[in-house]
Amino acid sequence: MAEDAPARFDPLPPGIAPIVPTPGYPSTFTHTPSQPLIRRPPGRGEITGPLALHRKLPCGEANLAEPIPGRPAVGQLIHIAGQVLDEDGRPIPDAVVELWQANAAGRYAHASDTRSAPLDPNFIGQGRVRTDAEGRYGFFTMRPGAYPVPGEAVWWRPPHLHFCVLGPASLSRLVTQMFFPGDPLNPLDHIFMAVPDAAARERLIARPLPPSEIGSGWLGYRHDILLRGRRATPVLA
Amino acid sequence: MTPLSSHTVGPFFPEAFIREGDNDLTRTTTDAPPSRRGTPIRLNGRVLREGGLPCINAILEAWQADAAGRFHHPADPEEAQADPEFLGWGRARTDAEGRYEFHTLLPGAFLDRAPHVNLLVMASGLMQPVATTLFFPEFAAANATDPVLALVPPSRRPRLFATPDNAGGYRFDIRLRGSADEETPFFED
Ligand SMILES: [Fe+3]
């Protein structure tokens, strides 16, 4: 990756960033900065970032569905795979991709999740991989359940996967969520709907692969992850 | 092609994703020897939300130049001279009081920039990571001409300076939301 690390970072087009504070999501009203963000031209400290981060952050847990051989987790087995790409559509090798999610019952294996929905002893729901030379990543995991967000006006999060992606620059850092096609909870989710642009929301939804391509072992989804950043010079047509 | 939208990290970022030593910027791996090319410092502080209440379970990521002001990255023309033992990146989580801590080396100046540490904060209730920059008060001359500090309204600049403590460390509190006087200035690149 080294020589062709992205060096140009344009502002996001309108409609991509979520609306903040976010209607229906009360804690954004106590956490989101109230002062306008100060626009700063990207400098050397922003277009750089840690390389070879897999040395610091151990990678490799790509099979979340059966962490102990012979003891599969409960639920619908799925495979999620795609490429991490820059804004020119170029693959980003050596990106660190972190995934975490609820189990099939909508419960996280996390101390902060105090709901009574059952934990699955064979499912932790977290993994970290490093993209290959073509920017590819992939996980075997379980389709997560929906879960309620407690509060005065309760709402249910649709099934979703959390992704943290560390690319070649500080400015290509992304924290995002992936949703499943056709879920009736998607249009009711305050977090999904915080993205104003309908096409941008569509890009957060994984694409189901035809079972004829995948076979009978699991359901397959493709989800490409586009990070900020381009080549320094615009590509001339 | 358009980048994906960002979303909140939520309350359930895995505990196992932040291991002991991940908040140490001086080591390229958890087992590697720390870089000694510079002045070791400790950065610590609290992340606070509206009302000055602690923001617990926030994730912070730090990124900075080495002690000579270089980055181990092709975008730095002096990459070849960068300290090979210094990672410059670390990750920390806030505790029940909103406290975080990093171990690093005092960063060097580069180009027209004063020594500084870039910090990214992610938390439940923050739909996008927020970016701020920590400066050191002792570099008065460099701070006076730093082009990023110059973008910040003068009345808000003091919030970007860490306070030296008497234990070889610096304190830097991050107020996510408050009045113009209270809130930490955040940047959009
Ligand atoms: Fe979630």
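Some values worked out for this structure:
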| quantity | calculated |
| --- | --- |
| Euclidean distance between Cα centres, the stretch B:37-113 to the stretch A:173-237, Å | 31 Å |
| Accessible surface buried once A binds B (1.4 Å probe; total of both sides; Å²) | 6800 Å² |
| Nearest-0.05 FRET efficiency for B:Thr2 and A:Leu37, computed from C-beta distance (R0 25 Å) | 0.80 |
| Mean separation of Cα contacts under 8 Å, 6 or more apart, over the residue count of chain B: relative contact order % | 26 percent |
| Length released on extending from B:Glu78 to B:Glu97, taking residue separation times 0.36 nm less the Cα-Cα span | 2.8 nm |
| GNM flexibility winner over chain B from B:His73, B:His103, B:His116 (Cα, springs under 10 Å) | B:His73 |
| Alpha carbon centroid spacing (whole Å) that separates the stretch A:83-125 from the stretch A:25-70 | 13 Å |
| Sequence of B:Ile41, A:Ile124 when ordered by accessible area, the most exposed leading, probe 1.4 angstrom | A:Ile124, B:Ile41 |
| Options A:Ala133, B:Pro137, B:Phe186, ranked by Cα towards positive dipole end of the protein assembly as shown, top entry (Cβ charges) | B:Phe186 |
| Accessible solvent surface per residue of the stretch A:112-237, calculated while the other protein chains remain in place, 1.4 angstrom probe, Å² | 46 Å² |
| The stretch A:48-58 - phi-based ³J(HN,Hα) in whole Hz, Karplus 6.51/-1.76/1.60, Gly and Pro as x | 9, x, x, 9, 6, 5, 5, 5, 8, 10, x |
| Accessible area of the stretch A:49-226 belonging to carbon and sulfur atoms, whole % at 1.4 Å probe | 58 percent |
| Of all DSSP beta bridges in chain A, antiparallel share, percent nearest 5 | 80 percent |
| Solvent-accessible heavy-atom area per residue, rounded to whole Å², over the stretch B:5-175 at 1.4 Å | 38 Å² |
| In order through the stretch A:117-123: 3J(HN,Hα) via Karplus (6.51 cos²θ - 1.76 cosθ + 1.60), integer Hz, x for Gly, Pro | 4, x, 7, 10, x, 9, 9 |
| Simple Cβ-charge dipole of the stretch A:49-226, Lys/Arg +1 and Asp/Glu -1, about Cα centre, in debye nearest 20 | 340 debye |
| For chain B: rounded, prolate or oblate by the Cα gyration tensor [a/c cutoff 1.5] | rounded |
| Under 15 Å, Cβ to Cβ, from A:Pro144 - net charge with Lys/Arg +1 and Asp/Glu -1 | 0 |
| FRET E, pair A:Glu202, A:Ser112, Förster distance 45 Å, beta-carbon r, rounded to 0.05 | 0.90 |
| Distance histogram for the protein assembly as shown (every C-alpha pair counted, 10 angstrom bins, percent rounded to whole numbers) | 4, 22, 33, 26, 12, 2, 0 |
| Antiparallel DSSP beta bridges within the protein assembly as shown, as percent of all bridges there, nearest 5 | 75 percent |
| Taking the stretch A:109-179 and dividing mean pair separation by its residue count, relative contact order in percent (alpha carbons under 8 Å, at least six apart) | 17 percent |
| Accessible surface of the stretch B:5-175, 1.4 Å probe, proportion on carbon and sulfur as whole % | 54 percent |
| Using a Förster distance of 25 Å, the FRET efficiency for A:Asp183-A:Arg71 (Cβ separation, nearest 0.05) | 0.35 |
| Net dipole in debye of chain B [+1 Lys, Arg Cβ; -1 Asp, Glu Cβ; about Cα centre; nearest 20] | 320 debye |
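The values are calculated or read from the model by the stated rules, or taken from the named source; none is laboratory data. Here the structure is a predicted model, which means the values were calculated and not measured. Note that each Cβ is placed from the backbone with ideal geometry, even for glycine, and that neighbours are counted across all protein chains shown. Note: areas computed on protein heavy atoms with side chains; ligands, DNA, RNA excluded. Shrake-Rupley method; radii C 1.70, N 1.55, O 1.52, S 1.80 Å.
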